[in-house]
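Structure first, then comments.
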Amino acid sequence: MTPTATWKRILILAICAWGLLAAMPNAFYSRVELHNDAVAAIDKADGIATPEQQAAKALWPSWLPSSIMPLGLDLRGGAHLLARVEVSDVYKARMEALWPEARDALRDRRDQVGAVRRAPSPDGTLRVTISNPEAMPVALEAVRTLATPVISLAGAGHNDIDIAADGADIVIQLSDAEKTATDDRTMQQSLEIIRNRVDQAGTREPTILRQGSDRILIEVPGIGSAAELKSLIGTTAKLTFNRVINSTTDAGANPGARNLLLPAKDQPGLYYIIEEVPVVTGEELVDAQPSFDQNGKPAVSFRFDGAGARKFGDYTAANIGTPFAIVLDNQVISAPVIQSHIPGGSGIITGSFTVEESTELAVLLRAGALPAGMEFLEERTIGPELGADSIAAGKLAAIIGMIAVVTYMVLSYGLFGWFANIALAANVLLIVAILSSIGATLTLPGIAGIVLTMGMAVDANVLIFERIREELRSGQPPGRAAESGFDRAFSAIFDSNVTGLLTALIMFWIGSGPVRGFAVTMTIGILTSLFTSVYVTRLVVEIWLNRRRPKTILV
Amino acid sequence: MAFRLKLVPTTTNIDFFRWQWLTFGSSIVTTLASIACVAILGLNFGVDFKGGTTIRTESTSPVDVGLYRQALDPLALGDVTITEVTDPTFAADQHVAQVRIGAREGEEAVTPEVMLEVEAALKAVDPAITFPSVESVGPKVSGELIQKAVLSVILASLGIGAYVWLRFEWQFAVGTVASLAHDVIVTVGVFSLFQLKFDLTIVAALLTILGYSVNDTVVIFDRLRENLAKYKTMPLREMMNLTANETLSRTVMTATTTLIALTALIIFGGDVIRGFVFAMLFGVIIGTYSTLYVAKNIVLMLGVDRGDKPKKKATPPEYANIDA
């Protein structure tokens, strides 16, 4: 056989050596995991380590590679959620906010347009009736002054609102360009807030991804259930401080114009009538911490930013002796009476909280309110025990499968079977090494993919060996038979692997979670098996042939 | 002489077309029967495709499906199925059941309150019960997943067809795609016949079967192409038999190693992926069969343009340089 060029040999051996090194941490999974956690924790604390962290860090030498395959939800346990963000909620809020502005703009032209009244309209549109329809052009012009250009690349040149006349009505809604821009902002904000909330809960490696135009995929390993995750991220946590008009026990009471009737959280049957426009909102909070009130009951203390503190200070100064309501997600948490002017911009929310509730509320308040509601389209919970069972089963199947394939190859091809097995071992090492270093998640179908790759990876070697057998039968000397066996089998190996890659890519495209994990291991498996069964086996066969120089070989 | 395990003798001379009407005919019949089966019996869709919720329960005391049902009946959940899951890998005191609740009109997912009710009701029957996994998919997503799954299988087949067309001739592409369709349809037919759970992982298995079956087919076609160049006058039918016999040892060898690996998985891999592995195991067998008995038959029926190409190369266009 023509010897492989030295640089190629070195490269092949180097790749195999790298595979061994990079795959190794996975053999000591829990140790390396503890080490990595400790390193991350120490990093976060600016290099200050507790003795336990020091000990955990010392479990694995830092000069060795420490990347391990992250385990998927189906192996580690955890929760998976697919949420749809109700992006149109924001349109409604925008229109609500626009109404006072439009009213003021039209009021300035009252002499021409006459009386201005808001007409009922579907969510997301604002319908204003004027009593002098003939002055419509003037009214439209007045409302148009409220429009501003859209700030986005795609929407450049468009205004943020569409204004049209419909009889005596002015119909205002967000323009398509502004809707697109708004949707994008809503999604960004939602992602950011969800990430904040999940991070605050302190779980390992959460996945939070935007999918399509209005969906968010959230995967959190180690969390107890999807319901728990939902309550963490699904709460809007919209906090406002409103003026209290009255309290009542009548659920059907008419709150009056621009007022709201909201239930009290802890006193069933009690309702508050509050002013719709809040004095201060949760967006003006800078901090919230769980704490205790004077009676030692759990509470949440908070602090406003400059503007919020000023508003809160002015309001409390002017309204001493009247109650005001702390409203969270359309429920009145409490309605304390203002005892004195509160100038510092900090305060405390008391209610009948448990310690857990006050902690959760503080987390939610810190992370901010979600800009829009969410609907959950898909949710999965996998318990950690089921995951552990799957790992054990997968490991066992992989080991038995490997032994069976190795034995079968040796029975069929003798020494050459061992050559193929060397390639197979290198292949499995490389798959694990690549999965670890790119941080691809290992799932149960992923393990199946690795086991299947073992079965299919030897295919290339089978093709080559069968070819060598044929060449030998046609009377070629060993060296030449081996050489042409490798050369001639290549086109079939190449074609069959390309088609395999094609299906793996399509699988990656359609799949989510576990199926994707399978597609990833299959893609990597195809690439590595191409390398190991062609180059590694060739090198091994070549070294053996050139050392021994056998007169005849038996494949 | 050292021992060699040989499933296929060194030289074989099997006439794969001898029973061609029987084999090809039975392939057509099986394919049609599978389509009919899916049309009549339908598929036992998992929550991925149907929407709804599955809850896996695990307990140390034996599963009593009747008691579970009695416990859940008062909750009026609508369409509820309860099945006991048995598996050789389970421990002696490990009793697993699957509770499936159909998707309800206008609801994307089971609300946490309903889940708590269900869990409480089952706990009342069996205090030792735990819920290792809960999966809930809304009708919106499940509809999209079906579309995506069907699309992916079609796209993969067409993509493979296009590649084979590019590398070989169109007749080969038609043969390949037909044999792929055969494999997928018959596998789906088996899932329908035995009403095995059909979910997203089964689609992944179908795609893998496509990859495996085409791999097998391409290897034979590759050899056929080589032989077409080598033996200019041999009749196509004879040449195909020669090719199939030459590659038979490899076909059987690869199928065996893959089946060995899959058998290890189906026995020891646990019940969670058993459906997935079963689909692949069946697919590998049918894929090997279709390579030998479907793809080649179609190519034979369509015929292959032989000799045209080399001739064209050999004779330059007569007036090519007239104006040059």
Members of segment A:48-83 found to be assigned to a helix (DSSP H, G or I) and farther than 30 Å from B:ILE273 by Cβ, listed by number: A:PRO51, A:GLU52, A:GLN53, A:GLN54, A:ALA55, A:ALA56, A:LYS57
Given (1) surrounded by 14 or more Cβ atoms within 10 Å (Cβ to Cβ); (2) assigned to a helix (DSSP H, G or I), number of the condition B:LEU22 does not satisfy: (1)
Candidate set: segment A:349-375, residues that are within 14 Å of chain B (Cβ to nearest Cβ) and more than 13 Å from A:LEU232 (Cα to Cα); chosen: the one surrounded by the fewest Cβ atoms within 10 Å (Cβ to Cβ): A:GLY373
Residue under evaluation A:ILE193, criteria (1) buried (at least 17 other Cβ atoms within 10 Å of the Cβ); (2) under 30 Å from A:THR441 (Cα atoms); (3) over 16 Å from the mean Cα position of the chain (by Cα), criterion not met: (3)
Test: residue in segment A:58-69 that is closer than 30 Å to B:ASP48 by Cα, modelled with pLDDT of 85 or more and within 14 Å of chain B (Cβ to nearest Cβ): no
Residue within segment B:86-107 that is free of Cβ contacts under 8 Å to residues at least 24 places away in the same chain, within 27 Å of A:GLU86 (Cβ to Cβ) and either facing chain A (nearest Cβ under 9 Å) or of a type outside the set (Val, Ile, Thr) (or both) present: yes
Some residue of segment A:462-475 being of a type in the set (Lys, Arg), in contact with an Asp or Glu (Cβ under 8 Å, 6 or more places away or on another chain) and either at pLDDT below 90 or surrounded by fewer than 22 Cβ atoms within 10 Å (Cβ to Cβ) (or both): no
Selection count, segment A:415-459, where residues are of a type in the set (A, V, I, L, M), under 24 Å from B:THR201 (Cβ atoms) and more than 13 Å from every other protein chain (Cβ to nearest Cβ): 7
Residue match in segment B:181-193 (condition: in contact (Cβ under 8 Å) with a residue 24 or more places away in the chain and either in a loop (DSSP other than H, G, I, E, B) or touching a Pro at 6+ places or on another chain (Cβ under 9 Å) (or both)): no
B:ALA244 vs. criteria within 12 Å of chain A (Cβ to nearest Cβ), crowded, with 18+ Cβ neighbours inside 10 Å and either free of Cβ contacts under 8 Å to residues at least 40 places away in the same chain or not in a loop (DSSP other than H, G, I, E, B) (or both): no
Matching residues, segment A:394-414, being more than 7 Å from chain B (Cβ to nearest Cβ) and either hydroxyl-bearing (Ser, Thr, Tyr) or touching a residue at least 60 places away in the same chain (Cβ under 8 Å) (or both): A:THR407, A:TYR413
Criterion (surrounded by 19 or more Cβ atoms within 10 Å (Cβ to Cβ), under 30 Å from B:THR187 (Cα atoms), at pLDDT below 90 and not aromatic (Phe, Trp, Tyr)) met by exactly one of B:GLY102, B:GLY138: B:GLY138
Unique match (being in a helix (DSSP H, G or I), small (Gly, Ala, Ser), out of contact with any Leu (no Cβ under 6 Å at 6 or more places or on another chain) and surrounded by fewer than 18 Cβ atoms within 10 Å (Cβ to Cβ)) among B:ALA162, B:ALA149: B:ALA162
Matching option when the condition is away from every other protein chain (no Cβ under 13 Å), farther than 29 Å from A:PHE376 by Cβ, without any contact (Cβ under 8 Å) to a residue 24 or more places away in the chain and of a type in the set (Ser, Thr, Tyr), among B:SER34, B:SER61, B:SER26: B:SER26
Some residue of segment A:513-525 being touching a helix residue (DSSP H, G or I) at 6+ places or on another chain (Cβ under 9 Å) and away from chain B (no Cβ under 12 Å): yes
Test set (1) touching a Leu at 6+ places or on another chain (Cβ under 9 Å); (2) over 28 Å from A:THR441 (Cα atoms) - A:LEU64 fails condition number: (2)
Flag for A:LEU545 being within 34 Å of the chain's Cα centre (by Cα) and of a type in the set (A, V, I, L, M, F, W, C): no
Close pairs (6 angstrom Cβ cut-off, 6 or more residues apart or separate chains): more than 15 Å from A:THR528 (Cβ to Cβ) in segment A:9-26, small (Gly, Ala, Ser) and surrounded by fewer than 20 Cβ atoms within 10 Å (Cβ to Cβ) anywhere: A:PRO25/A:SER66
Single residue of segment A:84-130 satisfying the filter (assigned to a strand (DSSP E or B) and touching an Asp or Glu at 6+ places or on another chain (Cβ under 7 Å)) that is nearest to A:GLY373 (Cα to Cα): A:VAL85
Failed item in (1) under 16 Å from the mean Cα position of the chain (by Cα); (2) buried (at least 20 other Cβ atoms within 10 Å of the Cβ); (3) more than 10 Å from every other protein chain (Cβ to nearest Cβ), with B:ALA204 passing the rest: (3)
One residue from A:SER225, A:SER231 being surrounded by fewer than 14 Cβ atoms within 10 Å (Cβ to Cβ), under 35 Å from the mean Cα position of the chain (by Cα) and within 14 Å of another protein chain (Cβ to nearest Cβ): A:SER231
Residue under evaluation B:ILE129, criteria (1) within 11 Å of chain A (Cβ to nearest Cβ); (2) in contact with a Lys or Arg (Cβ under 7 Å, 6 or more places away or on another chain), criterion not met: (1)
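The values are calculated or read from the model by the stated rules, or taken from the named source; none is laboratory data. All of these numbers come straight from a predicted model, not from anything done at the bench. Cβ: placed from backbone, ideal geometry, glycine included. Neighbour counts: every protein chain shown.
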